[in-house]
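Participant: Below is a structure I'd like to ask you about.
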Amino acid sequence: MHNRFDLIIVGGGAAGFFAAIHTVEKRPDIRVAIIEKTSQVLSKVKISGGGRCNLTNACTEPQELIEFYPRGQKELLSAFYRFNTADTMNWFLQKGVLLYAQDDGRVFPQSNSSQTIIDCFLKQAEKYKIQLQLQLNTQITEIKKENNLFILNTKQGINYSSTCLLLATGGSLHLSAYSFLNSFQHEIIPPVPSLFTFNLPQNNITSLMGLSMPEVCLQIKDTPFVSTGPMLITHWGVSGPVVLKLSAIAARYLAEKKYCFIFSINWLNEEKSTDASNELKLFKKQMSGKTISSTNPFHIPARLWMFLTTKAAIPLGRTYADIRKEEIEKLSELLTNDIYEARGKTTFKEEFVTAGGVSLKEINFKTMESKKTKNLFFAGEVLDIDGLTGGFNFQAAWTTAFIASETITERLKL
Ligand SMILES: Cc1cc2nc3c(=O)[nH]c(=O)nc-3n(C[C@H](O)[C@H](O)[C@H](O)COP(=O)(O)OP(=O)(O)OC[C@H]3O[C@@H](n4cnc5c(N)ncnc54)[C@H](O)[C@@H]3O)c2cc1C
């Protein structure tokens, strides 16, 4: 005996709820069930953005938006032309959720509480309670397709069937989490973490804990992985947007290296060592009476400048008049190519995601349908899509859920 639905959504997270609500809003006659394996739905929404839920970003131009996705860039372009960040904001505004954008583009509910987003979803779910049923604590163990129906078997022994199936099970670092998909033979790109900070154990730089730089350039040695942006020095290493971005673009490479790697910091962003050297030489002429450790031509904070001049072995009381050629060279090199060895990573508490998941090659992004199995759809982080911090991960979930839902509402007319 099966519990029969028109659409079953596996995963009661961001993508699952969004798709369910959009579907029943358009077609209240469609019988939808969300199946969730844990005792709580929307648990990631709850903890997202440090409890504030950075639900999207103020950047609305699809061409610009895709730049924030190390994986999924190409596929998301057309998807964003159909449902972008502005559409997300409208969607929530229409449901009475007031939003605001920070100067950095991050969009939050005006309440500054992720509970507002959860309440919004749960209210909508309740409004459509006849069609939308939550089957909590239910873990799908096997899915098969028989006679154009999906049959879902669960650990709890309850079985379900549906005409359409949307898989919105989110990301996981364990390949086994994707095993319930085995019967559809979708390629799974091995999952690895993205969005983390770099550990620099026993490195003196951590004595500068709390210091932030508005614009530095980081590069992983002997690789093309480069990132620029603000950086924060923490008590365990380095963090901030520039580090998170680099962790995302180099996620797979860093996993292979087991998070032990060499990287350089250009404290002057993209300035070259020769330019730094020229500026120091000019300072030698113009500021000859000043001590090197107390003043610098680069607007570098005093604590960091002291750290760099000490690292360059420049004696404390030395004046610019007495700076030696090799000291200028050493300091210029440190300013533009300061080398560090990372040993390990730390999860960034505000947001972390999985790089990897269901291969995008096997998904039609016009419909979010599997190219292998008719009426099987995917949305959210279960796919091999991930973004940088800033609301981009939720945006990918809303966009893919929207497209899947649009297709499903049409498909179930037939
Ligand atoms: C700490 C943290 C903070 C974050 N903050 C932000 C932020 O501010 N902005 C942003 O854009 N992104 C943020 N993210 C990322 C964002 O939360 C995810 O990208 C997003 O939740 C993905 O939505 P989803 O619906 O695909 O997956 P999820 O929200 O993870 O939902 C998947 C659901 O499926 C369930 N499930 C899994 N397998 C099964 C199964 N076999 N059977 C039944 N149910 C199953 C899971 O229990 C879960 O409830 C954050 C992530 C973390 C970890």
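Participant: Is any residue of the range 365-399 close enough, with backbone N under 18 Å, to a label point placed 7 angstrom from the Cα of Asn90 along the Cα-Cβ axis, and if so, which?
Facilitator: Counting backbone N atoms under 18 Å from the label point, the list is 395-396, 398-399.
Participant: Can you spot the lysines whose alpha carbon is less than 22 Å from Lys95's alpha carbon? Ignore those fewer than 8 places along the same chain.
Facilitator: Filter leaves Lys26, Lys44, Lys46, Lys123, Lys127, Lys129.
Participant: Please report the relative contact order for the chain, taking Cα pairs under 8 Å with a sequence separation of at least 6, and give it as a percent rounded to a whole number. Intermediate results must be reported in sequence, preceding the final value.
Facilitator: Values: 880 pairs, mean separation 98.1, N = 414.
It rounds to 24 percent for the chain.
Participant: To the nearest 20 Debye, how big is the dipole of the range 252-328 about its Cα centre, given +1 on the beta carbon of each Lys and Arg and -1 on that of each Asp and Glu? Provide the component values of the computation, followed by the final result.
Facilitator: Numbers: 13 positive and 8 negative charges, 32 e Å.
It comes to approximately 160 debye.
Participant: Next up: Once Lys and Arg get +1 and Asp and Glu get -1 on their Cβ, which of Phe298, Tyr259, Leu244 lies farthest toward the positive end of the dipole of the range 196-347?
Facilitator: Toward the positive end, the furthest listed residue is Tyr259.
Participant: Taking the Cα centre of the chain as origin and charging only Cβ (+1 Lys, Arg; -1 Asp, Glu), how large is the dipole, in debye to the nearest 20?
Facilitator: Numbers: 45 positive and 39 negative charges, 132 e Å.
The calculation lands at about 640 debye.
Participant: In Å and from the alpha-carbon atoms only, list the Rg and Dmax of the range 335-395.
Facilitator: Just the Cα atoms of the range 335-395 yield Rg and Dmax of 17.1, 57 Å.
Participant: Going Cα to Cα from Lys221, which lysines come in below 21 Å? Please leave out same-chain ones fewer than 8 positions away.
Facilitator: Lys245, Lys257, Lys258, Lys272, Lys311, Lys330, Lys345
Participant: In the range 196-347, what is the volume of the convex hull around the alpha carbon atoms, normalised per residue and reported in Å³? Please list the in-between numbers first.
Facilitator: Details: hull volume 14.9 nm³, N = 152.
Spelled out: Cα convex hull of the range 196-347, divided by residues, is 98 Å³.
Participant: Below 8 Å, C-alpha to C-alpha, sequence gap of six or more: please give me the relative contact order for the range 196-347 in percent. All intermediate terms of the calculation are to be shown ahead of the outcome.
Facilitator: On the way: 280 pairs, mean separation 46.8, N = 152.
RCO, the range 196-347: 31 percent.
Participant: Per DSSP H run of n ≥ 4, the term is -39500 (n - 2.57); total these for the chain, divide by its residue number, and report the mean residue ellipticity at 222 nm rounded to 500 deg cm²/dmol.
Facilitator: Numbers: 12 runs with 131 residues, N = 414.
When only DSSP H runs of four or more count, the value is -9500 deg cm²/dmol.
Participant: Next question. Which value, in debye to the nearest 20, gives the size of the charge dipole of the range 196-347 about its Cα centre, when Lys and Arg are +1 and Asp and Glu are -1 at the Cβ?
Facilitator: Working: 18 positive and 14 negative charges, 48 e Å.
Magnitude of the dipole: close to 220 debye.
Participant: To continue, here is another question. Using +1 at the Cβ of each Lys and Arg and -1 at the Cβ of each Asp and Glu in the chain, identify which of Thr389, Ser161, Asn337 lies farthest towards the dipole's positive end.
Facilitator: Ser161
Participant: Also: Relative contact order (percent) for the range 311-414, with alpha-carbon contacts under 8 angstrom and 6 or more residues of separation?
Facilitator: Details: 83 pairs, mean separation 20.6, N = 104.
About 20 percent, as a whole number.
Participant: Here's a follow-up. Which whole-number value in Å³ per residue fits the convex hull of the alpha carbons of the chain? Write down the numbers at each step before the final one.
Facilitator: Numbers: hull volume 59.1 nm³, N = 414.
Looking at the chain, the number lands at 143 Å³ per residue.
Participant: Additional query: Computed FRET efficiency, Cβ-Cβ of Asp104 and His235, R0 25 Å: what is it to the nearest 0.05? Before the final figure, lay out the partial values.
Facilitator: Values: r = 24 Å, r/R0 = 0.96.
Once the sixth-power term is evaluated, E becomes 0.55.
Participant: In the range 303-344, which trypsin sites (Lys or Arg not before Pro) fall in coil by DSSP and have 16 or fewer other Cβ atoms within 10 Å? Spell out each step's value before the answer.
Facilitator: Working: sites: Arg303, Lys311, Arg318, Arg324, Lys325, Lys330, Arg343; in loops: Arg318, Arg324.
Answer in residue order: Arg318, Arg324.
Coordinate-derived values only; no laboratory data. What you are looking at is a predicted structure, and each value in this text was computed from that prediction instead of being measured. A quick note on method: Cβ atoms are made from the backbone with ideal geometry, for glycine too, and the neighbour counts reach across all protein chains shown.
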